[in-house]
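Input: a single structure, listed below in structure tokens.
The values are calculated or read from the model by the stated rules, or taken from the named source; none is laboratory data. Nothing here was measured: the structure is a model prediction, and the numbers come from that model. Counting neighbours? That spans all protein chains shown, and the Cβs are built from the backbone with ideal geometry, glycine included. Just the protein is used for accessible areas: all its heavy atoms, side chains included, with ligands, DNA and RNA removed. Shrake-Rupley method; radii C 1.70, N 1.55, O 1.52, S 1.80 Å.
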Amino acid sequence: MEAAVPDFAREVRERFGAFRHHVLATLRRDGAPRLSGLEADFRHGELWLGMMAGSRKVRDLRRDPRFALHANPGGGPDLALGDVRVSGRAVEVTDPGIMARYAAAVRPPEPFHLFRAELTEVMRTSTEELYLKLESWRPGRPLRTLRRRSDDPEVLAE
């Protein structure tokens, strides 16, 4: 994302950086969604998901690596900073060097599990004058921007 859409990537990183805690969606064994709090951060051009050892979200991701992550929107109704959601696949990191580098920078409670996010979609919703601005990026595709008003007759379709 960094190379393909650098300005958009910067806005997404800033939105995640505005708050420490975010909301992770994983899939339970029966396919139902599970929402969990999570500290996520961008380092070295990648999104990292650190988790407590033995947590249910770790078990969920080991079984099915698909996830969605919603950046903490903060308080109030203002969308000036945007509402950001990413989704993709979580790849567990077991390399001792990478784990040590992450632990030195973040200082998570140990032991911990670390996942690197392979993003499949990034969405940012914000306001722009009279419009709701929807930006969507997927690997290998250009950034797509739609502007809607509440009285628009069209309905967005996937």
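Quote to one decimal, in nm, the extra length available between residue 106 and residue 151 on full extension: 0.36 nm per residue of separation minus the C-alpha distance between them.
Details: separation 45, 0.36 × 45 = 16.20 nm, distance 4.57 nm.
Residue separation times 0.36 nm, minus the Cα-Cα distance, leaves 11.6 nm.
Before rounding to the nearest 500, sum -39500 (n - 2.57) across all DSSP H runs of length at least 4 in the chain and divide by the residue total; then give [θ] at 222 nm in deg cm²/dmol. Can you show the working numbers first?
On the way: 3 runs with 31 residues, N = 158.
About -6000 deg cm²/dmol.
At 1.4 Å probe size, what's the solvent-accessible area of residue 64? Round to the nearest 10 Å².
Near enough 30 Å² of accessible area.
For the chain, what % of the accessible area comes from carbon and sulfur atoms, probe 1.4 Å?
Numbers: 5000 of 9610 Å².
The C+S portion of the solvent-accessible surface of the chain is 52 percent.
Using only the Cα atoms of the chain, build the gyration tensor, take square roots of its eigenvalues as a ≥ b ≥ c, and label the shape rounded, prolate or oblate: rounded if a/c is under 1.5, else prolate if a/b is larger than b/c, else oblate. List each step's numbers first, then the result.
Numbers: a/c = 1.94, a/b = 1.70, b/c = 1.14.
Because a/c hits 1.5 or more and a/b exceeds b/c, the chain counts as prolate.
Hey, can you rank 43-50, 124-131 by average C-beta count inside 10 Å, highest first? Write out the running numbers ahead of the final one.
On the way: 43-50: 16.2, 124-131: 14.1.
Highest-to-lowest ranking by the protection proxy: 43-50, 124-131.
Return one whole number: the accessible area per residue of region 25-158 in Å², for a 1.4 Å probe.
Working: 8250 Å² over 134 residues.
Counting only protein heavy atoms, the per-residue value for region 25-158 is 62 Å².
Please report the relative contact order for region 36-94, taking Cα pairs under 8 Å with a sequence separation of at least 6, and give it as a percent rounded to a whole number.
26 percent
What figure in square angstrom, to the nearest 10, would you give for the accessible area of residue 16 with a 1.4 Å probe?
It works out to around 10 Å².
Provide 69, 119, 81 ordered by accessible surface of protein heavy atoms (probe 1.4 Å), highest first. It would help to have the intermediate numbers written out before the result.
Values: 69 0, 119 35, 81 115 Å².
My answer, sorted largest first, is 81, 119, 69.
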